[in-house]
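Q: Input: one structure, supplied below.
The values are calculated or read from the model by the stated rules, or taken from the named source; none is laboratory data. Computed from a predicted model, the values in this text were never measured in an experiment. Methodologically, a virtual Cβ is constructed for each residue, glycine included, from the backbone with ideal geometry; neighbour enumeration extends over all protein chains shown. Remember, those area values only see protein heavy atoms, side chains included, never the ligands or the DNA or RNA. Shrake-Rupley method; radii C 1.70, N 1.55, O 1.52, S 1.80 Å.
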Amino acid sequence: MFSDTKPIPLRSLVLSSTAPLSKDQQTFNRLIQQIETRRARLAEWHAAIPPFRQQVSRDLQPLLERERVFKAQLAERLDWAHGQTGVTKAEKQKLSALIIDLALYVLDYGEPDKAMKALYNKHSRSDFDAEETAQLEQMKFMLEDTLGVDLGDDFDLRSPEQLLERLQTHFQAQEEARPKAKPRRKTAKQQAREAQREAEAKQLSQSLREVYRKLAVPSIPTGRSTPRNSSARPR
């Protein structure tokens, strides 16, 4: 998707002359230097990403897993307290709200947990799996309505990769089915102008493509890609 072509050095484009440079020439030189500075920062960022990911995997990920385990244990303890005699109705509602939040965290940022699903269903008067199915169906409907596509029912909406593949297949088929207009022969001047525009666009967008590539790859893997609708009611 993105080109890995090494950016062309721009320092050779800096204008120099024994005569004083005009205002436009000075602005041009300043912009060239700014581009070079940003490229250097981008290179430093690119070099820092692999060790950062290693540190996240080594140090942060185990802590997040421990937090998930502790929150699951806390939810179970609060559920026990919820069932004790002498607990008022208002206290039970507060405990249920806490249990719902804890159970959702465990379910959203980890593997499926039957015990947490049972606690969520018990205290929310709802059904976790049914809510998730309804939420995915709503997302599917919104995508189909917005993009004008029929995604079908034979793929997993939980998988961003499968969704992207389905959309790419649809748009590619749509493009191939579109009638091709007979190309007109371009003049040499038009061809030269298009080549110049393409070269300029490629050069100026190089840094932006690199930034987008870094932003498009998440540093820390998370669980569900869609937030749960908090319509659950505590007991």
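Q: Just to check I understand the Karplus step: with θ = phi - 60° and J = 6.51 cos²θ - 1.76 cosθ + 1.60, what whole-Hz values come out for segment 72-78, glycine and proline as x?
A: Once rounded to whole Hz, the list reads 5, 5, 5, 4, 5, 5, 5.
Q: Please report Rg (one decimal) and Dmax (integer) in Å for the Cα set of segment 34-136.
A: In Å, with Rg to one decimal and Dmax whole: 20.8, 70.
Q: Between beta-carbons, use under 11 Å as the cut-off and find the net charge around Asp129, counting Lys and Arg +1, Asp and Glu -1. The partial results should precede the final answer.
A: Numbers: positive: Lys114, Lys117; negative: Asp127, Glu131, Glu132.
For residues surrounding Asp129, the net value is -1.
Q: Just to be sure I understand the curve: with the Debye formula and one point per C-alpha of segment 125-187, what is log10 I(q)/I(0) at q = 0.18, 0.25 Å⁻¹?
A: -0.74, -1.10
Q: Hey, which of these cross-link pairs are over 28 Å Cα-Cα: Lys71/Lys122; Lys94/Lys140; Lys92/Lys140? Display every interim value, and only then the final one.
A: Values: Lys71/Lys122 17 Å; Lys94/Lys140 34 Å; Lys92/Lys140 37 Å.
From Lys71/Lys122; Lys94/Lys140; Lys92/Lys140, over 28 Å: Lys94/Lys140; Lys92/Lys140.
Q: Further question on the same structure: Leaving out ligands and nucleic acids, note down the accessible area per residue over segment 96-193 with a 1.4 angstrom probe, in whole Å².
A: Working: 7010 Å² over 98 residues.
Ligands and nucleic acids excluded, the result is 72 Å² per residue.
Q: Tell me the accessible surface of Phe171 in square angstrom (1.4 angstrom probe, heavy atoms of protein chains only), to the nearest ten.
A: Per-residue accessible area (Phe171): approximately 90 Å².
Q: Round to a whole angstrom and tell me the spacing of the C-alpha centers of segment 123-167 and segment 62-108.
A: Using only Cα atoms to place each centre, the spacing works out to 29 Å.
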